[in-house]
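The values are calculated or read from the model by the stated rules, or taken from the named source; none is laboratory data. Quick caveat: nothing in here was measured; it's all calculated off a predicted structure. Heads up, the Cβs are rebuilt from the backbone with ideal geometry, glycines too, and the neighbour counts pull from every protein chain shown. Heads up: the accessible areas ignore ligands, DNA and RNA and are worked out on the full protein's heavy atoms, side chains in. Shrake-Rupley method; radii C 1.70, N 1.55, O 1.52, S 1.80 Å.
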Amino acid sequence: MTLTDIRNQAHLSGEDVKKLNFIKDSDRFVFRKFYRSGLRSHIFEVVRTGEVHQESAGVVKDGIRIFPRAVPVKMFRIFRSRFTSKEDIFFEIKRYKTLLDHLGPEFIARSEEFIADYRDGGTSRLLLCGLQEYVAGEILDPWRLTGKENLRALLSSMPHESDLETRLDCAVSRIETFVKRIRSLMAASGRIPDLAGIGNLILTPEGGIKLVDINNIVKIRMNAYIPMDDKGYPACDVSIQVLHILETKLLGKDLSDSDPLFKHFLQPRRLKQVKSIEREFYRTLNNPKNAG
């Protein structure tokens, strides 16, 4: 593994992407670093060059110069994971397909995954990439949800032709369906997707909800052991906490004492242990010695 291997770099610029051997040099598009690039992927907005120019030069509409923000055509993801064979990559892609089968395209940001022959310093490596649907909307932060008023506030900040109350009713209905499909996925596969990360759930202007982190699906284990994902985060426990928030604070259900899942994962002692693990995870993550 060389230091120049893009999977080993903490940061990657759009110009770095343009230089990759498997990227066609085109003046039609710009790769722009997305603010949410993180542990598993480098993420870039794919935007039209002309729209990027309009951001700074502006366009005149009805005698007024405006500076519209370029809307991404796609989101381009470069996975950091190292794969030793195509079979390993196909297993990774299968996790996304499991989500798609159970949640449906209306609840996840669809992605076209592909394998690239990445060459660096004369060495050829398998690289998994994805061109993912761009989802416009506001981040649905589960840790700030106290009720439907939070949804109303988010929707009111996004202009739309439908009236606010119609969109609010739609949002509640869509979240209820989303929760049911998450439950179905859990029952069928014994796994839950990562619902916990800030920015993993997006509320769309019309009142839809979409999961955009589609590659971290973790095993549910009903025992005293607190499982970690491949990055050392207690994603299972924290995602079940998010599921509880959605069902109780947004949908008004009282399940804490009757649902075996919540009775097990929301025990006060376990919640305290999970919080301690989370603190240590972020402390280690933010340590400059661990960068890159």
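Looking at Thr177 and the list (1) within 30 Å of Lys86 (Cβ to Cβ); (2) touching a residue at least 60 places away in the same chain (Cβ under 8 Å); (3) not aliphatic (A, V, I, L, M), which single condition is not satisfied?
(1)
Quick one: in region 214-262, which of the residues that are surrounded by fewer than 21 Cβ atoms within 10 Å (Cβ to Cβ), under 21 Å from Arg174 (Cα atoms) and of a type in the set (D, E, K, R) is modelled with the highest pLDDT?
Lys249
Can you pull out every residue in region 105-127 that is under 15 Å from Ile23 (Cβ atoms) and out of contact with any strand residue (DSSP E or B) (no Cβ under 7 Å at 6 or more places or on another chain)?
Within region 105-127, Arg119, Asp120 meet the criteria.
Tell me whether region 87-101 contains one or more residues that are modelled with pLDDT under 90, part of a loop (DSSP other than H, G, I, E, B) and in contact with a strand residue (DSSP E or B) (Cβ under 9 Å, 6 or more places away or on another chain).
no
Considering Arg221, Arg191, Arg279, Arg269, which residue is without any contact (Cβ under 8 Å) to a residue 12 or more places away in the chain and within 30 Å of Ser81 (Cα to Cα)?
Matching residue, one of Arg221, Arg191, Arg279, Arg269: Arg279.
Of the residues that sit in region 1-15 and are part of a helix (DSSP H, G or I) and surrounded by fewer than 15 Cβ atoms within 10 Å (Cβ to Cβ), which one is modelled with the highest pLDDT?
Within region 1-15, the match that is modelled with the highest pLDDT is Glu15.
Just the residues that are more than 23 Å from the chain's Cα centre (by Cα) and open to solvent by less than 50 Å² (accessible area, probe 1.4 Å), please, taken from region 110-125.
Listed by number, the residues that qualify are Tyr118, Asp120, Arg125.
All but one of (1) touching a helix residue (DSSP H, G or I) at 6+ places or on another chain (Cβ under 6 Å); (2) crowded, with 21+ Cβ neighbours inside 10 Å; (3) part of a helix (DSSP H, G or I); (4) not hydrophobic (A, V, I, L, M, F, W, C) hold for Ser184, so report the exception by its number.
(2)
Check off (1) open to solvent by 40 Å² or more (accessible area, probe 1.4 Å); (2) within 19 Å of Ile139 (Cβ to Cβ); (3) without any contact (Cβ under 8 Å) to a residue 24 or more places away in the chain for Glu206 and give me the number that stays unchecked.
The one condition Glu206 does not meet is (3).
Take the residues in region 62-102 that are acidic (Asp, Glu) and closer than 26 Å to Phe178 by Cβ, then tell me which one is surrounded by the fewest Cβ atoms within 10 Å (Cβ to Cβ).
Asp101
If I go through region 131-151 residue by residue, how many of them are open to solvent by 60 Å² or more (accessible area, probe 1.4 Å) and either part of a helix (DSSP H, G or I) or more than 25 Å from Val71 (Cα to Cα) (or both)?
Residues flagged as open to solvent by 60 Å² or more (accessible area, probe 1.4 Å) and either part of a helix (DSSP H, G or I) or more than 25 Å from Val71 (Cα to Cα) (or both) within region 131-151 amount to 5.
Restricting to region 47-61, name every residue that is part of a strand (DSSP E or B), within 11 Å of Val30 (Cα to Cα) and either open to solvent by 50 Å² or more (accessible area, probe 1.4 Å) or touching a Ser or Thr at 6+ places or on another chain (Cβ under 7 Å) (or both).
If the condition is that a residue be part of a strand (DSSP E or B), within 11 Å of Val30 (Cα to Cα) and either open to solvent by 50 Å² or more (accessible area, probe 1.4 Å) or touching a Ser or Thr at 6+ places or on another chain (Cβ under 7 Å) (or both), then Arg48 is the only one that fits.
Just a yes or no: is a residue in region 24-46 open to solvent by 70 Å² or more (accessible area, probe 1.4 Å), in a strand (DSSP E or B) and basic (Lys, Arg)?
yes
Return the pairs, sorted by first residue and then second, in which the second residue is open to solvent by 40 Å² or more (accessible area, probe 1.4 Å) and small (Gly, Ala, Ser), the first residue lies in region 23-36 and is at pLDDT 90 or above, the beta carbons are less than 7 Å apart, and the residues are 6+ apart or on different chains.
Lys33/Ser13
Given the conditions (1) under 19 Å from Ala116 (Cβ atoms); (2) over 21 Å from the mean Cα position of the chain (by Cα), and given that Gly50 satisfies all but one, which numbered condition is not satisfied?
That leaves (1) as the condition not met.
Among the residues of region 263-278, how many are within 25 Å of the chain's Cα centre (by Cα), closer than 15 Å to Met222 by Cα and open to solvent by 80 Å² or more (accessible area, probe 1.4 Å)?
Looking only at that region, the number is 0.
Please go through region 152-181 and pick out each residue that is open to solvent by less than 40 Å² (accessible area, probe 1.4 Å) and charged (D, E, K, R).
Arg167
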